[in-house]
Structure formats: C-alpha cells, structure tokens
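Written below as structure tokens is the structure these notes are about.
The values are calculated or read from the model by the stated rules, or taken from the named source; none is laboratory data. Since we're looking at a predicted model, the values are computed, not measured. As a convention, Cβ positions derive from the backbone with ideal geometry for all residues, glycine included, and neighbour counts pool all protein chains shown.
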Amino acid sequence: MQSYHLILCVAGIMLTLGCKPKAASPSIALTNQGNNRSSGHQQQAPLALDEAGQCKVKVINIAKDDYRYSFYDRLMRLALSKSDQAQGSCAYEALDQMSHTRKFNLLSRGQLDIAGNVSSTGLEREAEPVRIPVHMGLHGFRLLVIRKGDEARFAGVKTNDDLAAFRGGVVQGWQVADVLAENGLNYVINDEYEALFRMLQKGRIDYIPLALFEVYLEVAKRPQYDLTVESSILLQYPSTDYFFVNAARPALRQRLTNGLIAAIADGSRDRLMESFLSVSDFVKRAELSARTFIQLSNSVDPANAPRDITDYWFSFDNLPPKKG
C-alpha cells in the first residue's frame, strides 16, 4: 500500500496524519500530562489499577454509526488497551446519551469516568483535561454546507467581511457559535441538529459550517434537501478537544494518558483515525489548495494547548491555503 504523510502549518498550528505506522519515538516521554518531550530516557510512571483493584470505567454509550462522537470512544478504548497485558483489560459500563451539562455534572460527582469534549477556558475551570487532542484540531477546519444553486453567491467571498453578508446555522452549545459571534459573523441557533438542514433548504439560513471530516458525509446522508458542499472557502480557527477524567480516578487518568502517548508513538492512533474517519480522502476531495482561507479567532480555545508537539495535531502536506 502506498504510504503518505500530509502536512500544513496554518496560523502557527501544525495539524498531522500519517497512514504509515510510525516507529515509537524516543523523544516522547510517558509523563503525567503527556505534554512534554524529552531527548533522554524517562522512567514511566506506574499505571496503577483503580481503587477496587480492577479497571472498571463508566462511559457514555454512543451508537457505533455515530462517527461524529464515537471516535472519542474508539480512541479511548485503544489507549486503555495499551496496558492490557500488564494490568488486564478494562470493563466498561455505558450510560445513556446525555447533554453537555449533565455529562460534566456526572463527571464532577464521580458517576462518569471519562468524557470527550471540545475544550474551552471556561470548561477547564470546571474539569481538568488530559491535554492530548483527540481529533487533532480538525474541529477548527470548517467547510460550508449550502443549497445547490447558491455556488455563485459564495464564489465572491474572499474575506471575513464578505462572509458576514450571509447567515450561518449552528446548534445550541457548539463552540463554532461563539467563534462566529466573536468574528462578527451572522448566525442563528437551533436546539435540533436536523432542523438546520431543513432551515437551509427553506432559505432561512445560508450555510452550515461543519468540520472537514463530517461535511461530505452529512450532505450525502440527506439527499432530500438538495444541498452541496461549497467549493471555494475554508474557515479555520484554533480548536482543541480532550478527554476529561473523573478527578477521583488518578490511576485511570494516568493509564489513559500513557496509552494515548503510546498510540501516537506506534502509529495506531493515526491508523484508527484514517480507517474510522477517512480524513485523507476528504482532504483530497476538498481541494484545499484552491480554496480561499478565512482565518477566524477563537478566544475561548485554551492558551495552554500543547501546540509545540506536532504529533498531537493534524497537518496537510504542500497545500498552502490561498488567502483572499
């Protein structure tokens, strides 16, 4: 199989995917937070079992076909499995799907052990993350879902001010809503995700900004709305998503942290992302080098995100975006 490595530095953010297994890097030290590098050998912290002597983990039940959220579950299980041989496998108790607010209430009360979420400065005042990005920054690379026939309207959009003449649609609680507001862009909020597509079809909004890895699939699933992916614009803003762990489970947190670092070092994280999300296919399909790149600010993205560790982020190779 042909191997490839895609790289791009956008606004100082390196984003990386290799479809070829990588050799374990001696420069990645297995540390408590997983956000430091060392050129020497560092003793790995012990991966203790939980207080009951067994690895039992309460997680959120996510449908297997819900790729927009289930990658959290898949990567979590991969990371924890890295220490199965030494410590035994974990048993999972799946709780019903729940709102963002309830998720973090249960996490703080110890009734949930691990939850994945886009991070923010406000959220990190409530819960401490494992600072290793799950989707490698890809939530901040957005393409627009529009009505078929509106392509010419968007072809003239070259700047943030140009885009402000259009109205986007987002779901209540999406961080992209805060990003649009911060950058002076017009949008409306709906509590129901599916309602956005109906609103777009009826002309109540002009576009829906979706992440690169989801936009084509979401349009393909809804042929009844006669929508398409806009072909000339790429929105980008800093975005970081993490796992958050029950504060009463330090051993579990350590096991997850070290497992994530191991999965990055041996390439299994990259292979899982490619097999599960097919990101490289969408990068090709989007023809990013031909798009106008519109950089947006995101003041709630945590300033202490480990931007200097390039293996934590996705990158595109030889595709410098065209600035308007």
Exercise. Kindly indicate whether any position in the range 113-126 is buried (at least 18 other Cβ atoms within 10 Å of the Cβ), closer than 18 Å to Ala247 by Cα, more than 19 Å from the chain's Cα centre (by Cα) and modelled with pLDDT of 95 or more.
Key: yes
Quiz item: How about the range 249-275: which of its residues are within 14 Å of the chain's Cα centre (by Cα) and surrounded by 20 or more Cβ atoms within 10 Å (Cβ to Cβ)?
Solution: Arg269, Asp270, Met273
Quiz item: Just one of Leu200, Leu212, Leu107 is more than 15 Å from Ser239 (Cβ to Cβ) and assigned by TED's automatic domain parsing to the domain that holds Thr310; which is it?
Solution: Leu200
Quiz prompt | Among the residues listed as Leu196, Leu210, the single one being among the hydrophobic types (A, V, I, L, M, F, W, C) and assigned to a helix (DSSP H, G or I) | solution = Leu196
Exercise. Would you check if Val176 is more than 27 Å from Ala263 (Cα to Cα) and not in a helix (DSSP H, G or I)?
Key: no
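With Val171, Val157, Val134 as the choices, which residue is surrounded by fewer than 19 Cβ atoms within 10 Å (Cβ to Cβ) and not charged (D, E, K, R)?
From the options Val171, Val157, Val134, the qualifying one is Val171.
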Quiz item: Residue check: is Ala305 out of contact with any Phe, Trp or Tyr (no Cβ under 7 Å at 6 or more places or on another chain), closer than 14 Å to Pro133 by Cα and touching a residue at least 12 places away in the same chain (Cβ under 8 Å)?
Solution: yes
Quiz item: Does any residue in the range 65-88 that is surrounded by fewer than 20 Cβ atoms within 10 Å (Cβ to Cβ) come within less than 9 Å, Cβ to Cβ, of a residue that is acidic (Asp, Glu) six or more places away or on a different chain, and which pairs are these?
Solution: Tyr67/Glu214; Arg68/Glu214; Arg68/Glu218
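To keep it simple, each residue is scored yes or no on (1) touching a helix residue (DSSP H, G or I) at 6+ places or on another chain (Cβ under 9 Å); (2) more than 24 Å from Thr159 (Cα to Cα); (3) crowded, with 20+ Cβ neighbours inside 10 Å.
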site	(1), (2), (3)
Asp226	yes, yes, no
Pro238	yes, no, yes
Leu277	yes, yes, yes
Ala303	no, yes, no
Exercise. Would you please name the residue that is farthest from Ala290 (Cα to Cα), looking only at residues in the range 199-248 that are within 24 Å of the chain's Cα centre (by Cα) and free of Cβ contacts under 8 Å to residues at least 12 places away in the same chain?
Key: Lys221
Exercise. Could you check Asn258 against (1) modelled with pLDDT of 95 or more; (2) on the phi < 0 side of the Ramachandran plot; (3) not assigned by TED's automatic domain parsing to the domain that holds Val118 and say which number it fails?
Key: (3)
